[in-house]
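The values are calculated or read from the model by the stated rules, or taken from the named source; none is laboratory data. Remember, it's a predicted structure, so these values are computed and weren't measured experimentally. Don't worry about glycine lacking a Cβ; one is built from the backbone with ideal geometry, like all the others, and counts go over all protein chains shown. Just the protein is used for accessible areas: all its heavy atoms, side chains included, with ligands, DNA and RNA removed. Shrake-Rupley method; radii C 1.70, N 1.55, O 1.52, S 1.80 Å.
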Amino acid sequence: MVVIGAGECGVRAALALREHGFDGPVTLLGAERHAPYERPPMSKHLMLAEAPLPPKTIASVDQLAALDIAFLPDTSVSSIEIDRQEIVTDNSTILYDRLLLATGARPRRIDGATGPHMVVLRTYDDALRIRNSLHRRERMVIVGGGFIGLELAAAGRCVGADITVVEALPRLLARGVPEALAATLEARHRAEGVKFHLGASVAGFGEDRVALSDGTALPADLIVIGIGSLPATELAMVAGLVIDNGIAVDNRLRTSHPNIFAAGDCCSFPLDLYRGRRVRLESWRNAQEQGKLAARNMLGADEVVSSVPWFWSDQYDLVLQIAGLQDEGRSIVTRDIEAGRILFHLADDGRLVAASGLGTGNAVARDIRLAEMLIARRARPKPQDLASPRISLKALLREDA
């Protein structure tokens, strides 16, 4: 068993192979020099820490060795030879019986956005550079008003840095967050001192500034490009695997070749819960769950992807959580609770297809978890029950049982 990619997905898969009793060779290939580490803390806790923190490991080198998992860090894979079931690296070849591609995603780039003062957030080394700039309270311009950009903006203001966010669309978080919740987050950022340029396009970059198309020049000591990511499909494409907004897999995470699986940020897959709609999810929990599922299926389990999509983001003391696919909804029911708000997204037939919540601390966590269970059951709760904070979602779940 060989796993390419030592992030959340790949490591969870390698560990799961051992947990489920596989005692043959397991090889885990990582592109970075570090032991496998968690990525979510890089835009949150690492940025706020008074001193640079080491990466939070998923599994240490010693733990992997104790499980007889051959971990090869700082390893670049040049090709996959499907006919020979062989992986070619810079200095060796590795044979496989089953192969998992957990290559993740890479940040989108902007033409001309290069130089010593430009950075994206993907690796621990990227995060350290951004953190050091924030703690020097330098002027930072963030291009992109998505999750990464706003989490960095929040961290920057918490340590007193000067933060400006440039977003090409008319509002923040337009891709995946309801407008009402995005507006609440924007208001909080503005209250904290973040400066915004919305509906703005970048004309070019200088050594110490970002030029907008309207002639505005934004001074910057560091420029962060945070305009989303692209699935890392290069190896799969050259190998001849089907690509469709990522490495195309079926609902058991099998690629177009029967001995090769793909999971996590790099793959797109059909979700039976949404009529087989093909989606690609970039989230920590999806990577973790799919890594484990891929391992079981590599061992012959033949299990279907069934989990409800889930995402979260921390900004200041506000926590955003989303379960399901909110763009599947045709109407919204709002429930205001103490210290938060939850939006329930209903399909035309009344089925609950998503829930989006924003509140301080853990205010929305329990209800979003219960909503996730209702979504999984394809429940059709009454809108008036969803709207009323006096009616618990747990009671609705019992009614649907």
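Remarks
- Rg(Cα) / (2.2 N^0.38 Å) computed for the range 37-130, rounded to two decimals: 1.39
- Summing charges over neighbours of GLY300, with a neighbour being any other residue whose Cβ is under 13 Å away from its Cβ, gives +1 when K and R count +1 and D and E count -1.
- Separation between Cα centres of the range 1-66 and the range 258-302, rounded to whole Å: 18 Å
- Summed side-chain charge close to GLY228 - residues other than GLY228 whose Cβ falls under 10 Å, Lys, Arg +1, Asp, Glu -1: +1
- Stokes-Einstein D in µm²/s, Kirkwood radius over Cα pairs - the range 152-257 at 25 °C with 0.890 mPa s viscosity: 146 µm²/s
- Kirkwood Rh and Cα Rg combined as Rg over Rh, evaluated for the chain: 0.98
- Estimated from the Cβ-Cβ distance and a Förster radius of 51 angstrom, the FRET efficiency linking ARG366 and SER92 is about 0.55.
- Options SER78, GLY10, LEU185, ranked by Cα towards positive dipole end of the chain, top entry (Cβ charges): LEU185
- Within straight-line cross-link reach of LYS56, aspartates and glutamates at Cα separation under 16 Å, skipping those fewer than 8 residues along the same chain: GLU8, GLU32, GLU38, ASP125, ASP126
- Residues in the range 190-201 carry Karplus couplings, in order, of 4, 4, 7, x, 6, 9, 10, 10, 9, x, 10, 10 Hz; the curve used is 6.51 cos²θ - 1.76 cosθ + 1.60 with θ = phi - 60°, and Gly or Pro positions show x.
- Rolling a 1.4 Å probe over the heavy atoms of the protein chains gives the chain an accessible area of 44 Å² per residue.
- For the pair MET373 and LEU397 in one chain, pulling the backbone fully straight at 0.36 nm per residue adds 7.9 nm over the alpha carbon distance.
- Separation of the range 102-171 and the range 179-244, taken as the distance between their Cα centroids, equals 8 angstrom.
- With all protein chains in place and a 1.4 Å probe, the accessible surface of the chain carries 49 percent carbon and sulfur.
- Taking amide hydrogens as placed 1.01 Å from N in the peptide plane, the amide H of VAL210 sits under 5 Å from those of LEU218, ALA220, each at least 5 positions away in sequence or on another chain.
- Pairwise label distance in nanometres, GLN384 with ARG275, each label 7 Å out on the Cα-Cβ vector: 3.0 nm
- In this structure, LEU169 and ARG108 have a Cβ-Cβ separation that, at R0 = 22 Å, corresponds to a calculated FRET efficiency of about 0.95.
- Among 76-84, 267-275, 354-362, the peptide with the highest mean count of other Cβ atoms within 10 Å heads the list, and the full ranking is 354-362, 267-275, 76-84.
- ALA161 sits among other residues whose Cβ lies under 9 Å from its own Cβ, and their net charge, with Lys and Arg +1 and Asp and Glu -1, is +2.
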